[in-house]
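Values quoted throughout were computed directly from the atomic coordinates according to the rules given, and no laboratory measurement underlies them. All values reported here derive from a predicted model rather than from experimental measurement. Please note: Cβ atoms are built from the backbone with ideal geometry, for glycine as well, and neighbour counts cover all protein chains shown.
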Amino acid sequence: MNDHKPDQDLSELGLPLPPSKSQRKREATALQDLGEALVKRTPAQLQRIPLPDEVLAAVRSAQTIAQRGGRKRQLQYIGKLMRQLDEAEIAAIDAALATMPAPR
């Protein structure tokens, strides 16, 4: 019986293993949480955060949704958009949020 796994080949070659499904889910949840933090900001604060136009439009849309289910779907959409950003863009957004006082 062959217990060989493709990931073993990568580790034997010194290549990094791909992130586990759990790790990918943690990262996706963290980006969705970052999106939720953006939704809690005022329009003036959002202007000071370097957001792509599509993300900014989605955040503004989420701010107008009162229904719980619709808001949750919009937050998931924001998380999807955030996953498409590169690490530098996410770091810039995170840094800008860190300089602002916490929302009430």
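Return the residue satisfying two criteria in turn: it lies in region 53-101 and is part of a loop (DSSP other than H, G, I, E, B) and of a type in the set (A, V, I, L, M, F, W, C), and of such residues it is farthest from Pro43 (Cα to Cα).
That would be Leu85.
Return the residues of region 74-94 that are more than 16 Å from Asp33 (Cβ to Cβ) and out of contact with any Pro (no Cβ under 8 Å at 6 or more places or on another chain); say none if nothing qualifies. I'd like the intermediate steps shown before the answer.
If we filter region 74-94 for residues that are more than 16 Å from Asp33 (Cβ to Cβ), which is where we start, we get 84, 86-89, 92.
Of everything in region 74-94, those that are more than 16 Å from Asp33 (Cβ to Cβ) and out of contact with any Pro (no Cβ under 8 Å at 6 or more places or on another chain) turn out to be Gln84, Asp86, Glu87, Ala88.
Which residues, counting only those in region 25-49, are exposed (fewer than 12 other Cβ atoms within 10 Å of the Cβ) and not charged (D, E, K, R)?
Thr29, Thr42, Pro43, Ala44, Gln47
Hey, can you tell me all the residues within region 58-98 that are surrounded by 15 or more Cβ atoms within 10 Å (Cβ to Cβ) and touching a residue at least 60 places away in the same chain (Cβ under 8 Å)?
Leu97, the sole residue that qualifies.
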